[in-house]
Amino acid sequence: MQQKSSATGKAWSGRFSEPVAELVKRYTASVEFDQRLAEFDIQGSLAHASMLESCGIIAAADLASIRTGLAQILDEIRVGQFEWLLDLEDVHLNIEKRLTALVGEAGKRLHTARSRNDQVATDVRLWLRASIDELLVLIKGLQLALLDLAEQHADTVMPGFTHLQVAQPVTFGHHLMAYFEMLKRDTQRMRDCRTRVNRLPLGAAALAGTSFPIDRERVARELGFNGVCENSLDAVSDRDFAIEFTACAALIMTHLSRLSEDLILWMSPRIGFIDIADRFCTGSSIMPQKKNPDVPELVRGKTARVTGHLMALLTLMKSQPLAYNKDNQEDKEPLFDTVDTLTATLRIYADMMGGITVKKDAMRQAALQGYATATDLADYLVKKGLPFRDAHEAVALAVRHAEGKRCDLSELSLNELLEFSPLIADDVFAVLTLEGSLNSRNHIGGTAPAQVRAAIQRGRKFIETL
Ligand code: ARG
């Protein structure tokens, strides 16, 4: 990045008697990271300029020059030929200065009835709106991958865990659909957040509005906003939309971190429920036998960083008096990194879920251990008239007995079972099977394969509405 060091080059240096110190210049400049907003800055400037012209604030010839100049600047940026100058602080002043160099006077009129305060808030909102739209597509891609895998495993039995102890049989499809539900809420949250991102700050100017006869609604319409920010002080100063977005992102990462933890555990040879395709894993430089689930581990790790960004943005906001303060320049890096991290994570995740090998036998074997159908036996006794608490006690004793014999409940004879309750009959064995247990949970939200298929159907319908 080339630097210029004259105080006179500054857009605001008129009242200063000495140039800004070199270190301070570096400290306060944002162009190294906010140049990422350039295309949106130009989009905002075009809408602002055409409004100025239609309201009679600038001449048609000025508007034409501004359009030509900004089109050329856009080209220069796209082909990487735009010269960003640290001396010009930020993306806004860099573009404005170049515009003036290209088209003269008209370039200097562009900033009429505008401040960088409402300009930057507009740019960030435009950028974030576009990012949200891309993220929504990526979430959908991951949801489709989950639906496809769940469909293949609507009947695949595995142990469901609580406290990481075998609890009751569930289907693998049901387990996957739990994550589908989380992502469904994440989608809804993100769309809801988008409606609040999508408001126009321009017109607020520095903080109080402007004395020019502007038309904010027109600018809002042209930029696709669903309305204007209704208080100028609020428009330039609050970043709650960015905080809200980052909270949504942190929740998505948290959900994916939990799924990652599941994948890591399932892939451990000690559990051995799944294998993750080699292209998502790495080996060890010392232990030749190793195949490590690096991607899920990194998702878990990167969740920390997005959660950190949420904390950073909340803390950034908490003590700022109204209205704009330079603190707000610090909103960009956490926000940009949140979008980048989430984008990369979602991209890789959809592909990774498609590349999972499911080891059905290992899942079934694990479900057969740990007395996963004990609750089914208790429910069976209740259906024969025993109060649940008594049934619970009877089955606990039966489990203890089976444990002593190192066998499953279903391996006890009818005579042995009768010692724990006289209500037990031959029909008990159907109840003690894994399939019997699964199929009996046949209501909305239950793990019965028929219900899992119905949930997948509903999931596909939901996806179609997006
Ligand atoms: N680079 C600044 C930011 O990101 C732009 C707004 C600066 N406004 C000001 N009055 N210094 O917030």
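The values are calculated or read from the model by the stated rules, or taken from the named source; none is laboratory data. Predicted model only: the values in this text are computed from it and were never measured. In this analysis, Cβ positions are derived from the backbone assuming ideal geometry, glycine residues included, and neighbour counts consider all displayed protein chains.
Got at least one residue in the stretch 378-397 being among the acidic types (Asp, Glu), within 24 Å of residue 153 (Cα to Cα) and within 44 Å of the chain's Cα centre (by Cα)?
The first filter runs over the stretch 378-397 and keeps only residues among the acidic types (Asp, Glu), leaving 379, 390, 393.
Applying the additional criterion that residues be within 24 Å of residue 153 (Cα to Cα) yields none.
No, the stretch 378-397 contains no residue that is among the acidic types (Asp, Glu), within 24 Å of residue 153 (Cα to Cα) and within 44 Å of the chain's Cα centre (by Cα).
Failed condition for residue 78, given (1) basic (Lys, Arg); (2) over 28 Å from residue 215 (Cα atoms); (3) within 16 Å of the ligand (Cβ to nearest atom), with all others met?
Of the numbered conditions (1) basic (Lys, Arg); (2) over 28 Å from residue 215 (Cα atoms); (3) within 16 Å of the ligand (Cβ to nearest atom), the odd one out for residue 78 is (3).
Looking at the stretch 333-377, which of its residues are more than 27 Å from residue 263 (Cβ to Cβ), charged (D, E, K, R) and surrounded by fewer than 21 Cβ atoms within 10 Å (Cβ to Cβ)?
Hit for the stretch 333-377 is 333, nothing else.
Go through the residues of the stretch 185-192 one by one and say whether even a single one is in contact (Cβ under 8 Å) with a residue 24 or more places away in the chain, hydroxyl-bearing (Ser, Thr, Tyr) and within 30 Å of residue 41 (Cβ to Cβ).
Here is the first cut: in the stretch 185-192, the ones in contact (Cβ under 8 Å) with a residue 24 or more places away in the chain are 186-187, 189-191.
Now restrict to residues that are hydroxyl-bearing (Ser, Thr, Tyr): 187.
Filter once more, so that each one left must be within 30 Å of residue 41 (Cβ to Cβ): 187.
Within the stretch 185-192, one or more residues are in contact (Cβ under 8 Å) with a residue 24 or more places away in the chain, hydroxyl-bearing (Ser, Thr, Tyr) and within 30 Å of residue 41 (Cβ to Cβ).
Among the residues of the stretch 285-334, how many are within 16 Å of the ligand (Cβ to nearest atom), in a helix (DSSP H, G or I) and of a type outside the set (Lys, Arg)? Can you show your working first?
We begin by selecting, within the stretch 285-334, every residue within 16 Å of the ligand (Cβ to nearest atom); these are 312-313, 316-317, 320-334.
Applying the additional criterion that residues be in a helix (DSSP H, G or I) yields 312-313, 316-317, 326-334.
Filter again for of a type outside the set (Lys, Arg), leaving 312-313, 316-317, 327-331, 333-334.
Selection size over the stretch 285-334: 11.
Which condition number does residue 132 fail, the rest of (1) more than 16 Å from the ligand (Cβ to nearest atom); (2) hydrophobic (A, V, I, L, M, F, W, C); (3) not in a helix (DSSP H, G or I) being met?
The failed condition is (3).
State whether the residues of the stretch 111-121 include one that is more than 35 Å from the chain's Cα centre (by Cα), within 16 Å of the ligand (Cβ to nearest atom), part of a loop (DSSP other than H, G, I, E, B) and touching a residue at least 12 places away in the same chain (Cβ under 8 Å). Don't jump to the end; show me each part of the working.
Narrowing the stretch 111-121 to residues more than 35 Å from the chain's Cα centre (by Cα): 111-113.
In the following step, the residues that additionally are within 16 Å of the ligand (Cβ to nearest atom) were identified as 111, 113.
With the extra rule that they be part of a loop (DSSP other than H, G, I, E, B), the set shrinks to 111, 113.
So of that shortlist, the ones also touching a residue at least 12 places away in the same chain (Cβ under 8 Å) come out as 111, 113.
Yes, the stretch 111-121 contains at least one residue that is more than 35 Å from the chain's Cα centre (by Cα), within 16 Å of the ligand (Cβ to nearest atom), part of a loop (DSSP other than H, G, I, E, B) and touching a residue at least 12 places away in the same chain (Cβ under 8 Å).
List every residue pair whose Cβ atoms lie under 6 Å apart, where the two residues are 6 or more positions apart in sequence or sit on different chains, the first residue falls within the stretch 85-104 and is under 14 Å from residue 42 (Cβ atoms) and in a loop (DSSP other than H, G, I, E, B), and the second residue, located anywhere, is away from the ligand (no atom under 12 Å from the Cβ) and at pLDDT 95 or above.
none
With the condition kept exactly as written, say whether any residue in the stretch 210-219 is outside any helix (DSSP H, G or I), within 16 Å of the ligand (Cβ to nearest atom) and of a type in the set (Ser, Thr, Tyr). Walk me through it before giving the result.
From the stretch 210-219, those outside any helix (DSSP H, G or I) are 210-215; that's our starting set.
Keeping just the survivors that are within 16 Å of the ligand (Cβ to nearest atom) gives 210.
Next, from what is left, pick out any that are of a type in the set (Ser, Thr, Tyr): 210.
For the stretch 210-219, residues outside any helix (DSSP H, G or I), within 16 Å of the ligand (Cβ to nearest atom) and of a type in the set (Ser, Thr, Tyr): present.
What's the total number of residues in the stretch 8-45 that are without any contact (Cβ under 8 Å) to a residue 40 or more places away in the chain, within 25 Å of residue 124 (Cβ to Cβ) and either of a type in the set (Phe, Trp, Tyr) or assigned to a helix (DSSP H, G or I) (or both)?
Number satisfying all stated conditions: 4.
Restricting to the stretch 406-450, name every residue that is within 24 Å of residue 148 (Cβ to Cβ) and either touching a Gly at 6+ places or on another chain (Cβ under 7 Å) or in a loop (DSSP other than H, G, I, E, B) (or both).
Passing the criteria: 441, 442, 444, 445, 446, 447, 448.
Only one of (1) part of a loop (DSSP other than H, G, I, E, B); (2) within 16 Å of the ligand (Cβ to nearest atom); (3) of a type in the set (A, V, I, L, M, F, W, C) is not met by residue 58, so which one is it?
(2)
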